[in-house]
Structure formats: C-alpha cells, structure tokens
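No lab work stands behind these numbers, since they all come straight from the coordinates. This one's a predicted model, so the numbers in the text were calculated from it and none came from an experiment. For neighbour counting, all protein chains shown are included, and Cβ atoms are generated from backbone atoms with ideal geometry for every residue, glycine included.
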Amino acid sequence: MANNVRDTLGGLVPSGGFAPNGAGKVLRRIMTVAIDGMGNLPPARDSAGRQLQKQGDAEKAINVLIQQHVALAGAQGFVTNIGGLVTSLVSLPANIAGIAVLQARVVATIAHLRGYDVTDPRVRTAIAMCLVGDNLENLLGDSELPSSPLVVATAPVYDAGLDTKISDRVAGDLLARVTGKRMVVAMTKRVPVLGGGVGAAFDGWDTLQVARYAKGQLVDRRRA
C-alpha cells in the first residue's frame, strides 16, 4: 500500500510545494484520498470492514489497523528518506504527503469502527484535527475555534467556515512538523542508513501518536 500512496499523491501535491495560504486546500485533498481512496488505494471504510470481519471485534480490528499503518509509515519513511541530503525545507513532496494520507486513513478507520460516518464533512474535519494530536489544544486553545474533535464531529450542523479555519491551522501545524523532521533527517543523512532510520522511526512513532490520540478522542458511538 505504501507504493500506492506515493503513486497516488504524486499527482496531488506540486513538486515545488505550495503556498502557505493553499495549505488548507491541499490538506482537504489529502483527506479525500485517505478516506475515499483512489486508484489501488481502497477506501478507509472498506479496509476497516474487512479487518472487522477478520477480528470479529471492533476494538481488536482498530488495534490491528493501527499496527499495520504504523508499520507502513515506518517502511515508507525508510524507503523515501534513505539517500542524499534534503534539497528543500519549504516544499511538501509526495512522500511527505503520503505520511499524512496514512495518518488520516488510520484515524478514518478508527472513526468508522467507532460508529462515525466518515462521509460526513463534520467527521472529516474532526479526522483532520486528530492529525495534530496532543498539540491541538495549544494550536486552537487561544482562539474561538473548538479544540475537541468530538465536539466538531457531533456538531448539530456542518459549518464550512469553521472547517476552512481549522483546516488552515491544522495544515500549518503539519507543515511546521514536516519542516522540523526534515531538518533532523538532513543532518543525519551524512550517514545514509542513519538518516533513513531516523526518518522511519519518526514516521512510525508519529503515526502511532496520532492513532492513540484519535482513539482517546473519538469515543464509541455505536448502538449497543
């Protein structure tokens, strides 16, 4: 699936990156691929449903899906980061977008198995919020924006303006994290294998933290 993510995202993210004011738009496009699938990448609901059939229990299926996505994130990080020095610290190439897809996708599978409709734009906004993880409160806490994915997912009505504001802030935070990661990897790539290992470890660990945060925020809404 990692190769499918890279191939799919290659046409979504400009090779030279994008302007900061377009970050929210790109994030929403990434969310669409992560949740609805594209090409050989199946929709998140389909993957969640298959795993539920195998495990026979939603929480067991969630744990397996988290393990799978963490492993994929780590493998993708190693493959794409091993090699030469990073040439740009301001662009967002397809391999970095691929990590965002994997993270959004695992959150979407959790949401689906917990009883949320991932086709609902409110739930999609909440999924995007989960990508920030524990930093979400710091990111949105000083504003009038809600800092709880659950509040947004269960809001009475969808607010397009709120979605735009949250998407822009979340995308900005993701860009900042990507830049910080790539600076570290660039320094360690003087020893290529070490650089690849650092990138893989970061991607896997970061994906695990996002998934754990989503598990804590998106409480079970399934009818007993």
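Results, tabulated for the structure shown:
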item: Added length on full extension, which subtracts the Cα-Cα distance from 0.36 nm per residue, T119 to R222; result: 35.5 nm
item: Proxy reagent accessibility, fewest Cβ within 10 Å first, across R105, R169, R50; result: R50, R169, R105
item: Cβ-defined net charge surrounding A108, 12 Å radius [Lys, Arg +1; Asp, Glu -1]; result: 0
